[in-house]
1. Using Cβ contacts closer than 10 Å as the measure, can you line up 47, 37 from fewest to most?
2. Pop a pseudo-label 7 angstrom from the Cα along the beta-carbon direction at both residue 49 and residue 18 and give the gap in nm to one decimal.
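Read the figures in this text as sums done on the coordinates, not as results from a lab. Here the structure is a predicted model, which means the values were calculated and not measured. Cβ placement follows ideal geometry from the backbone for every residue including glycine, while neighbour counts extend to all protein chains displayed.
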Amino acid sequence: SQQEKGEKLNPFVKRHSSLRQREIGIGAQILHDLGIRKIRLLTNNPRPRPDVGGYDLEIVEQVAI
């Protein structure tokens with residue numbers, strides 16, 4: 001059934017989401033250490049922007065590439 005398929009995929013989706021957040025956090029820490037506080041996000045991904053405010057970073061613009 002469709003519900004069973006969703007349940008099988010759910011652990012993968014959760015793991016992927018966790019890895020993505022970790023990668024964003026590592027990148028945000030590197031930018032912060034370099035003294036960067038405002039960034040232009042270059043992306044073609046329509047998903048909501050990552051929250052990097054906790055790293056004292058601000059996404060000032062989203063630019064399609």
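1. The fewest-first ordering by Cβ neighbours comes to 47, 37.
2. For residue 49 paired with residue 18, the spin-label model returns 2.8 nm.
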